[in-house]
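See below for the structure under consideration.
The values are calculated or read from the model by the stated rules, or taken from the named source; none is laboratory data. Given the structure is predicted, the values throughout are model-derived calculations rather than measurements. We place every Cβ from the backbone using ideal geometry, glycine too, and count neighbours over all the protein chains shown.
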């Protein structure tokens, strides 16, 4: 495998496009590894980057002109078209890493992702798992948001977990949530499974209510 001299170094100058939760997670790991980071994003993350010691660029073009060894695009598949439209990424001469796809050609990705567990799977396998985990999580979180659940003085740990789930999912845009449904054919099946499972639980409760009513009637 051939690599450029800059990529052979143990430390790199890394540019990150999109500084959401996943990028922040990667950045903290890469900083510990001694890499120098720069970032740009549609949302303003300048204060967070300053706290982490990362150079933040509000202007994307200036960011691209910086001397980065590797560019990481940490954006959802929904945002990617807008990113590509607004930034002349086709003109990049440096290595580009799509962090959500991990499309790495001649770059030793283990250097960047040291400590991360890498799983090889087909797109179909990934979508099935994502529908069961990611989409289902967001769906339940959105339902809880519609119910407007909040912490109470007598909240159990389980209920607090539900509150945290609700608060965590609504931080993401509804466009992202709908994209998890519209862009993954397995999500529709999971939504149907959720509806069926809810009805089963509901019927069990109604059956128990009917049994209790029958007992009460017989004791009259």
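Quick rundown of the values:
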quantity: Residue identified as in contact (Cβ under 8 Å) with a residue 24 or more places away in the chain and exposed (fewer than 13 other Cβ atoms within 10 Å of the Cβ) among 175, 127, 214, 207; calculated: 175
quantity: Test for residue 41: is it at pLDDT below 90, on the phi < 0 side of the Ramachandran plot and surrounded by fewer than 19 Cβ atoms within 10 Å (Cβ to Cβ); calculated: no
quantity: All helices (runs of 4 or more DSSP H) inside the stretch 132-204 with 3 or more residues being under 18 Å from residue 20 (Cα atoms); calculated: 157-170, 174-182
